[in-house]
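Inspection log for the structure reproduced underneath, given as structure tokens.
The values are calculated or read from the model by the stated rules, or taken from the named source; none is laboratory data. The structure presented is a predicted model; accordingly, all values stated were derived computationally and were not measured. So basically every Cβ, Gly included, is an ideal-geometry build from the backbone, and we count neighbours across all protein chains shown. SASA here: full protein model, heavy atoms, side chains in, ligands and nucleic acids out. Shrake-Rupley method; radii C 1.70, N 1.55, O 1.52, S 1.80 Å.
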Amino acid sequence: MTYAAIDARVAFDKLLILGGFPDSVNQPVTPDCKTLLLLGPAPDFWDMFKNSPEWKDHEPDAMDRWSTRVIGGLAKELGGTALFPFGGAPFQPFFSWALRSGQAWQSPVKLLVHSEAGLMVSYRGALALPFEVVLPPAPAKPCDSCDKPCLTACKPRALTAEGYDVPACKAHLASENGKENMALGCSVRRACPVSQSYARMTEQNAFHMRSFMGENR
């Protein structure tokens, strides 16, 4: 199956191929893996997700359960194996896989930045496929031609080139001054020019902020 055919198939579920790589014959991700493809939400993912049974049943972990069902179904359809960045230890090395794909890099603030999604990149799962897929050429790293507004976007200076102070970030988000970030999303991620062109819905950003703060169902 070609890359274009797989890309069209996952687009039906409002997913994008966010990179991939031919797997090593010496240390495969799974015993029969020859290509690994990383999947994440397309910009128009949110409306579809809100109509899913996982969202409507009001049970916990709706997005993880949606990912398990949909990406698991894709893997079965393609004869491969679904892998996820959630579910408990030992966790799959999605950060390393993203770097290996050549379509994501460590940004100036250390978070992953993707060629299309910018700092809004989110991986919902991966497909370990038992056949070779010819992948598109790697794009240029966007940070190389960027003024790097991400470095100064965080008002409490919790996320900078020096690192990420998670307690300081959560304290800010819980305060009156953090309401804008809770409603619109992380100011650092939003400052990325590539993120701004990705057009992810604000409601989805707010959902992820609530999840980060442990407030979602």
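The residue list Val113, Thr160, Pro137 was ranked by how far each Cα lies along the charge dipole of the chain toward its positive end, using unit charges on Cβ atoms, and Thr160 comes out on top. Applying a threshold of 25 Å to the alpha-carbon distances of Lys50/Lys155; Lys50/Lys141; Lys148/Lys170; Lys14/Lys76; Lys14/Lys155; Lys110/Lys141 flags Lys50/Lys155; Lys50/Lys141; Lys14/Lys155 as lying beyond it. Sorting Phe95, Phe21 by solvent-accessible area of protein heavy atoms yields Phe95, Phe21, largest first, with a 1.4 Å probe.
Descending by average beta-carbon neighbour count within 10 Å, the peptides 125-132, 138-145 line up as 125-132, 138-145, the highest first. Rounded to the nearest 20, the Cβ-based charge dipole of the chain about its Cα centre (Lys and Arg +1, Asp and Glu -1) stands at 300 debye.
The residues of the chain expose, per residue, 50 Å² of accessible area to a 1.4 Å probe. The share of accessible area on the range 1-158 that comes from carbon and sulfur is 56 percent, using a 1.4 angstrom probe. Calculated from the alpha-carbon coordinates, the chain shows an Rg and a Dmax of 17.5, 53 Å respectively.
Peptides 191-201, 146-156 ranked from most to least packed, by the mean per-residue count of other Cβ atoms within 10 Å: 191-201, 146-156. 3J(HN,Hα) along the range 37-54, derived from phi through the Karplus expression 6.51 cos²θ - 1.76 cosθ + 1.60 where θ = phi - 60°, amounts to 10, 9, 10, x, x, 6, x, 9, 5, 4, 4, 5, 4, 5, 9, 7, x, 5 Hz, with x in place of Gly and Pro.
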